[in-house]
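These notes concern the structure reproduced below.
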Amino acid sequence: MACDIFIFTGANDDNYDVSLSFNYMQRKVPTSLYKCQKLRIIDLGNNWLSDTFSSWLGDLLDLSVLILRSNNFHGGINGFVGQLPTKYLQNFNAMKNVVKKNTQPEYVSTGSIYYSITVTVKGVDQYFPQLSVEYTIVDLLGNKFEGEMPNIIGKLKSLIVLNLSHNSLAGQIPHSLGNISEIESLDLSWNQLIGEIPQSFADLTFLDFLNLSQNHLVGHISQGKQFGTFDNYSFGGNPKLCGFPLTKKCG
């Protein structure tokens, strides 16, 4: 049974996690979540929400995991529409600052309760029973975002996972994405992106999953460094791309 949620009754300043995925939520994102100024995790994926990117998300300075992904299991997709919001993304301080990796794992928790999520990482849905404090994620898979990707995303330097696949994003891939030095999984597939692949991607030494397939990218795929680790899957569906690992040679 589908339900509409207008008021999140548990909202208060001490909330660190809101996980409302797989809840058949309809209409808009509950604005009452704005009260939770200490939120680190918002997981509203796999629902039937129809909304624009809520402006108050930009005021959640500690937010490190944002999941608004679609509901493939139930056959519907979220209806978030409009351009990706530059002025909100620039406030995500927790995603800008690179956390120094410790030898002793630390997880997001309150007391003995550890936060868990399911998110698409490296092309596969993965369940994290304990979410590391070092893990910063933006997963907007399967919505209707349009327009160009804002350069400000490149300032979210602590991002580990960025998934913007299956939207309607257009324009060129911002060169600033090459500044996200910690990123391990980048999925921009199934959009309408044009232009060449930024050379800066070759310097993303932690990047071990890249999917740029099913766009309108052009030009020569750079060789060496990280690009040597990717296969045809990462670049397929771009008729004007050429060079290894594609079979199409550059002219």
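By per-residue mean of other Cβ atoms within 10 Å, what is the highest-first order of 226-235, 185-194, 166-175?
Top of the packing list down: 185-194, 166-175, 226-235.
Only counting other Cβ atoms within 10 Å, I'd like F145, F244 sorted with the fewest neighbours first.
Fewest-to-most Cβ neighbours within 10 Å comes out as F244, F145.
May I ask for the net charge around P239, where only other residues with Cβ less than 15 Å from the Cβ of P239 are counted and Lys, Arg are +1 while Asp, Glu are -1?
Net charge around P239: +2.
Would you mind ranking S158, S176, S165, S64 by Cβ crowding within 10 Å, fewest neighbours first?
The most exposed by this proxy come first: S176, S158, S165, S64.
Whose amide H sits under 5 Å from the amide H of G171, counting only residues 5 or more places off or on another chain, with H placed in the peptide plane?
I194
Only the coordinates and a few stated rules stand behind these numbers; no lab work does. Keep in mind that this is a model prediction, so the values were computed, not measured. Please note: Cβ atoms are built from the backbone with ideal geometry, for glycine as well, and neighbour counts cover all protein chains shown.
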